[in-house]
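A.B. asks: My structure is below; once you've seen it, I'll send some questions.
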Amino acid sequence: MADALLRVEGLSKRFGGLAALTDASLSAEAGSITALIGPNGAGKTTLFAAIAGFLRPDRGRVLYGGNNITGEPPYKLARRGIARTFQIVQPLAGLSVRENIAVGAHLSRPARADALEAAGEVARAVGLGDQLDKSAASLTVAARKRLELARALATGPKLLLLDEVLAGLNPSEIRDMVPVISAIRARGVTILMIEHVMQAVMSLAEQVWVLAEGRIIAQGAPREVAGNPRVVEAYLGHGAASRLVAGGAGVQ
Amino acid sequence: MSTRGLLPIVICVALLALVPLVITSNVVLNFLVIALLIALVGQGWNVLGGYGGQYSFGHAAFFGTGAYVTAILQVHYGVNAWVGFVLGIAAGALVGTIIGALVFRSGLRGSYFALVTLAFAEVLRILASVAPITGAGVGTLIKLDLRPEAFQFQSRAPFYWIALALVAISLLIVHLIEQSRFGAYLVAVRENEDAAKALGINPVTVKLGAMTISAAITAAGGCFYAQYFLFVDSGIAYGPWISIEALLAPVIGGLGTIFGPLLGALVVRAAGEAAKLVAGDAPGLDLVIYGCVLILVIAFAGRGIAGLLTDLRETMQRLTARKVAPPEHAHG
């Protein structure tokens, strides 16, 4: 088994009376795709924000390549090689696609011309090559998701955190996007993704972690996890697994 | 570094440099010197407000510091005017860094940022109106000494060229910013601070850098003002009037565009003078007309005159494209 590039140990975070995360732990092996799934409100985005430095956890540690990075601001994490996308896309609306991506590319390329050139390459890798000069504000939802991905990728990350890059896409757009993500992994980038689209999780992820009500309730290969009664219940309600079995509707 | 975009600056400055050779009227030159001064101060504001998206209402803090430091160093310490000029710019930049460090570190944005900068400028105005070193309520008068070594000239033309040179330098600075990583980061922070952070940008550092450059440029305007009028008091140096002029020029001319402040300063100043001509002797009427013109510009040209010109060009292109289109329809 490869080494874990990212290891989260016992993260807890409360917002007033709400325990958004309770003792959540997970790990992501270097060079793999790891998915984090869970019903709405499970705390996935909170966990992501805590890993990416946008939220300081109350308790617990985040280890990246063996270093404790808990509570480090996002810009320092980006310099360490951790990039993220946002669930609600955050385009730099006033700029063109190329300029958007170039901001990410500047992290390792101080010269404007180099960054703009690198932006072109990254854009082609995610299928935005023909929209380089368009304004980011004029893009379709699918293209904005790609832009979000491209900008993060342009920073040259070792670990890429994808927060629902497939949400809001139609089935054919999802089919187009899945190979883009596996191509990123093929370049040696470790990916941790929050995803609701199970079809994509099944085909992409090696490891799946399931979060429900702030706690990790299951972990394993996608098929294993999907058949886990606790996971089914977390999504469909208490007793759902046994009813499904009783009703003869097999869970894969 | 790319030299693209330098040509318009060179042409614009060269044309403006010829003006005193053609026009010798002191009234016109005086008008142009003030317009250039506002363009300079506005360019300072534009770096932080236009490119960085941080709308300051207190650029008087930097203008006034430049003006006072230049004047006080000459009057009380016998420092040469040119040296005082440079030190005035440095002092303005320092004030910008200090205010920026306090404001940005505490994470103030938007209207809070605007209000706090306004408060800083007002505090400085009140301090300057009571402190003995600034001449308190009387102000500071720089002794008349019409020698170039003392940064004083018999005619308006040298002042005009110096003001133009300062504007040219500010255009070059903004050009360099536009072509640099710092500029890209500054715009990214303006567009979306969270996205910028995720891409490895420390917004505090970037905004602080912009505020320092912005303050230095605006302070240069204050230093020039002191030499041109040879008089500074708290209302002139730190008064809200200059904070408003500083933001009006780029807003009218085009936020975050290199020529916006210069364009805006000329239009705003010309509108002000035209309003005076139209209003005649009726007191205050010129300000009413002036205000109406500003409202119209902001209502109908949300992105300033520079934005209006871009829109106009695009409309023209669309119209010409449409003229070509009909034959295709005929085929269809």
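The values are calculated or read from the model by the stated rules, or taken from the named source; none is laboratory data. Only a predicted model underlies this, so the values are computations on that prediction, with no experimental measurement involved. We place every Cβ from the backbone using ideal geometry, glycine too, and count neighbours over all the protein chains shown.
A.B. asks: So, in the stretch B:266-325, of the ones that are among the acidic types (Asp, Glu) and assigned to a helix (DSSP H, G or I), which residue ends up farthest from the chain's Cα centre (by Cα)?
C.D. replies: B:314
A.B. asks: Can you tell me which condition residue B:15 does not meet? The list is (1) modelled with pLDDT of 95 or more; (2) farther than 28 Å from residue B:234 by Cα; (3) surrounded by 19 or more Cβ atoms within 10 Å (Cβ to Cβ), and all the others hold.
C.D. replies: (3)
A.B. asks: Between residues in the stretch B:111-129 that are within 16 Å of residue B:98 (Cβ to Cβ) and residues that are of a type in the set (Ser, Thr, Tyr) and surrounded by fewer than 18 Cβ atoms within 10 Å (Cβ to Cβ), which pairs lie under 9 Å by C-beta distance while being six or more apart or on different chains?
C.D. replies: From residues that are within 16 Å of residue B:98 (Cβ to Cβ), the pairs are B:116/B:106.
A.B. asks: The conditions are (1) without any contact (Cβ under 8 Å) to a residue 40 or more places away in the chain; (2) closer than 24 Å to residue A:64 by Cβ; (3) surrounded by 13 or more Cβ atoms within 10 Å (Cβ to Cβ); (4) small (Gly, Ala, Ser), and residue A:186 fails exactly one of them. Which is it?
C.D. replies: All conditions pass for residue A:186, except number (3).
A.B. asks: Restrict the check to the stretch B:122-143 and report whether at least one residue is out of contact with any Gly (no Cβ under 9 Å at 6 or more places or on another chain) and over 24 Å from residue B:60 (Cβ atoms).
C.D. replies: Within the stretch B:122-143, one or more residues are out of contact with any Gly (no Cβ under 9 Å at 6 or more places or on another chain) and over 24 Å from residue B:60 (Cβ atoms).
A.B. asks: Go through the residues of the stretch B:242-263 one by one and say whether even a single one is under 18 Å from residue B:57 (Cα atoms), surrounded by 15 or more Cβ atoms within 10 Å (Cβ to Cβ) and among the hydroxyl-bearing types (Ser, Thr, Tyr).
C.D. replies: Yes, that holds for at least one residue.
A.B. asks: Given the criteria more than 29 Å from residue A:150 (Cα to Cα), touching an Asp or Glu at 6+ places or on another chain (Cβ under 9 Å), crowded, with 20+ Cβ neighbours inside 10 Å and not hydroxyl-bearing (Ser, Thr, Tyr), does residue A:216 qualify?
C.D. replies: Criteria met by residue A:216.
A.B. asks: All but one of (1) within 13 Å of chain B (Cβ to nearest Cβ); (2) assigned to a helix (DSSP H, G or I); (3) not β-branched (Val, Ile, Thr) hold for residue A:143; state the number of the condition that does not hold.
C.D. replies: All conditions are met except number (1).
A.B. asks: Another one. Before we move on, is residue B:142 under 25 Å from the mean Cα position of the chain (by Cα) and modelled with pLDDT of 95 or more?
C.D. replies: Answer is no for this residue.
A.B. asks: Could you tell me which of the residues A:60, A:65 is touching a Gly at 6+ places or on another chain (Cβ under 9 Å), under 17 Å from residue A:190 (Cβ atoms), away from chain B (no Cβ under 14 Å) and surrounded by fewer than 24 Cβ atoms within 10 Å (Cβ to Cβ)?
C.D. replies: Being touching a Gly at 6+ places or on another chain (Cβ under 9 Å), under 17 Å from residue A:190 (Cβ atoms), away from chain B (no Cβ under 14 Å) and surrounded by fewer than 24 Cβ atoms within 10 Å (Cβ to Cβ) holds for just one of A:60, A:65, which is A:65.
A.B. asks: Let me ask something additional. Please go through the stretch B:137-168 and pick out each residue that is more than 15 Å from residue B:73 (Cα to Cα), surrounded by 11 or more Cβ atoms within 10 Å (Cβ to Cβ), in contact (Cβ under 8 Å) with a residue 24 or more places away in the chain and aliphatic (A, V, I, L, M).
C.D. replies: Selection gives B:157, B:162, B:163, B:164, B:166, B:167, B:168.
A.B. asks: Among the candidates A:132, A:47, A:77, which residue alone is touching a residue at least 12 places away in the same chain (Cβ under 8 Å), of a type in the set (A, V, I, L, M, F, W, C), away from chain B (no Cβ under 14 Å) and crowded, with 20+ Cβ neighbours inside 10 Å?
C.D. replies: After applying the criteria, what remains is A:47.
A.B. asks: Just checking, how many residues over the stretch B:1-59 are more than 17 Å from the chain's Cα centre (by Cα), among the small types (Gly, Ala, Ser) and part of a helix (DSSP H, G or I)?
C.D. replies: 2
A.B. asks: With A:224, A:173 as the choices, which residue is in a helix (DSSP H, G or I), charged (D, E, K, R) and in contact with a strand residue (DSSP E or B) (Cβ under 9 Å, 6 or more places away or on another chain)?
C.D. replies: From the options A:224, A:173, the qualifying one is A:224.
A.B. asks: Applying the selection to the stretch A:86-99, what residues are within 18 Å of residue B:185 (Cα to Cα), at the interface with chain B (Cβ under 9 Å from one of its Cβ atoms) and either in contact with a strand residue (DSSP E or B) (Cβ under 9 Å, 6 or more places away or on another chain) or outside any helix (DSSP H, G or I) (or both)?
C.D. replies: Listed by number, the residues that qualify are A:90, A:91, A:92, A:93, A:94, A:95.
A.B. asks: Tell me which residues, restricted to the stretch B:148-198, are in contact with a Pro (Cβ under 7 Å, 6 or more places away or on another chain) and within 8 Å of another protein chain (Cβ to nearest Cβ).
C.D. replies: B:181, B:196, B:197, B:198
A.B. asks: How about the stretch A:100-114: which of its residues are surrounded by 21 or more Cβ atoms within 10 Å (Cβ to Cβ) and more than 7 Å from chain B (Cβ to nearest Cβ)?
C.D. replies: A:100, A:101, A:105, listed by residue number.
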